Structures are given as C-alpha cells and as structure tokens.
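Shown next, in structure tokens, is the structure this report addresses.
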Amino acid sequence: MDIKAVFLDIDNTLLDFNECARVALRAAMEKMGERYRDDMYPVFEKENNQIWKELEMGLLNREELHEQRFERILRALSMDESKGHAMEEVFQQQVGEGAEHVQGAMELLQYLHGKYPLYAASNARQFRQVKRLQKAGMMPYIREVFSSEQMGANKPSRAFFDGCFMHLPGLLPENCVLIGDSLSADIKGGRDYGMKTVWYNHDHLPVPENCPADYTVDHLSDILHIL
C-alpha cells in the first residue's frame, strides 16, 4: 500500500468510550437522585448505539440526538422521562472528562506517528474530543481533529470526507487508511470514499460475510504488522 496518511476514529478506537460512559451514566443517575445498577448500562448501550445509527443515516440531527437520548434510555428503563434533559447535561459534562485509553492505543499512535501524518475523525463534538485527546496525552501525535460538527456532515457521508480532504490539498483517498470500530460509520464510509480501511473489532464479533474492511483486527497491536 502506498500510504500517505492515516485517519483514526476516536471513541472505542483511541479512547475507551464504554468505560467513560459507564462512569458518566452512574454520575447522571446519582445526580438525579436515582440509584445506579449495573444492569442499566446494557440498556444505555443499546439505546445509545441505535440513536447514533439514526444520526449516521440522517434520520435525526445532533440537537435531536441530545434531546432524545436520555428520554429513550429512561423510557426503556421504565423511569421518569422528564429527567432526560437534565441527565443528558450531566452525562455530557462527565463523559467530556473521560480520557481512558483503549488498550494499545498510545503504542499504536507512537508507532504510526513515526511513519505517517495522523488525523482523527469523529462524529462527536469538536471541543470535547480535542479536550479528551489532550487529557489523554494523544494530541501531540495528531495533526488535526476532523469532527462532524466542523465538517457540517456526519460519517459515513461523502460530505464528511469531502470536508476532511478540503483541508488536505493534494492528498488522495486511495493513499489513506481509516482505522475505526464502526463498520457503518468508519469502514463503509471510508471504503465508499476510496480509502483503505482497518476494522478494529474490539468486541470480537463474528466477521460478517462480505465485510467491507480491507483488514480486520481484534487488537490494536495487530495493526503494527499491517501498516
């Protein structure tokens, strides 16, 4: 592969969103006077994954996502939906402080930084992601963070990647690799745009037939043998 640059997703690729979200969910529940239970997180994860998929598909915008997310979660938990807005605010504040590394992420950045320009690509808010990467000590390795907020479009849309490459004149998609954990937002989006892709299968799921990724890895350390 003639690689000139590498794009990396942030949540659950570089930073452990699941761990950050558990801490933030507990804080949001306790702030609203609710007792947190461990069985609440799988409900949160299911509803959160679904609403982010709807964002990727263009079925709702970012403001609607933040308005509806905790209403849906509380409804699924048979709890008071009227607390949804306040819980979303607490959750956003708490998760914005989360900077837990995905295992092997720092080592991967250090390895790739010596070989390629690195760019982060995320559907989350620009300021929050930059702040978390700074707190995690990862920003020195990343030249620029591209967010859907900044691009005016979400991964996996072509408009998102158009926005990224407008900032990188002369760079061609076929000379870039995108590493991410989402088959829809990262891998399909990157492939459809003409990029090479590496699927970080952190949940060790069965690889689907006709998987759109050029490479699939269960551990970030496996990428050191690919790039």
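Below, the figures for the structure above:
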item	result
Residue match in the range 184-192 (condition: buried (at least 23 other Cβ atoms within 10 Å of the Cβ) and β-branched (Val, Ile, Thr))	yes
Some residue of the range 120-130 being crowded, with 21+ Cβ neighbours inside 10 Å and part of a helix (DSSP H, G or I)	yes
Out of 143, 132, 158, 125, sole residue that is of a type outside the set (Ser, Thr, Tyr) and in contact with a Pro (Cβ under 7 Å, 6 or more places away or on another chain)	143
Failed item in (1) of a type in the set (Lys, Arg); (2) more than 19 Å from the chain's Cα centre (by Cα); (3) not in a helix (DSSP H, G or I), with residue 155 passing the rest	(2)
Qualifying residue in the range 45-58 (condition: surrounded by fewer than 18 Cβ atoms within 10 Å (Cβ to Cβ), of a type in the set (A, V, I, L, M) and farther than 19 Å from residue 147 by Cβ)	no
The range 113-136 residues that are over 15 Å from residue 62 (Cα atoms), paired with ones that are among the acidic types (Asp, Glu) and surrounded by 20 or more Cβ atoms within 10 Å (Cβ to Cβ) (beta carbon under 7 Å, 6 or more apart)	121/9
Residue within the range 205-224 that is touching a residue at least 24 places away in the same chain (Cβ under 8 Å), crowded, with 17+ Cβ neighbours inside 10 Å and among the aromatic types (Phe, Trp, Tyr) present	no
Residue list for the range 169-183, filter: open to solvent by 60 Å² or more (accessible area, probe 1.4 Å) and assigned to a loop (DSSP other than H, G, I, E, B)	169, 170, 172
Every pair of residues 6+ apart whose Cβ atoms lie under 7 Å, when the first sits in the range 1-20 and is within 13 Å of residue 223 (Cβ to Cβ) while the second is open to solvent by 30 Å² or more (accessible area, probe 1.4 Å) and part of a loop (DSSP other than H, G, I, E, B)	3/116; 6/116; 9/181; 13/181
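The values are calculated or read from the model by the stated rules, or taken from the named source; none is laboratory data. What you see is a predicted model; the values in this text were computed from it and never measured. Backbone-built Cβ (ideal geometry, glycine too); neighbour counts: all protein chains shown. SASA here: full protein model, heavy atoms, side chains in, ligands and nucleic acids out. Shrake-Rupley method; radii C 1.70, N 1.55, O 1.52, S 1.80 Å.
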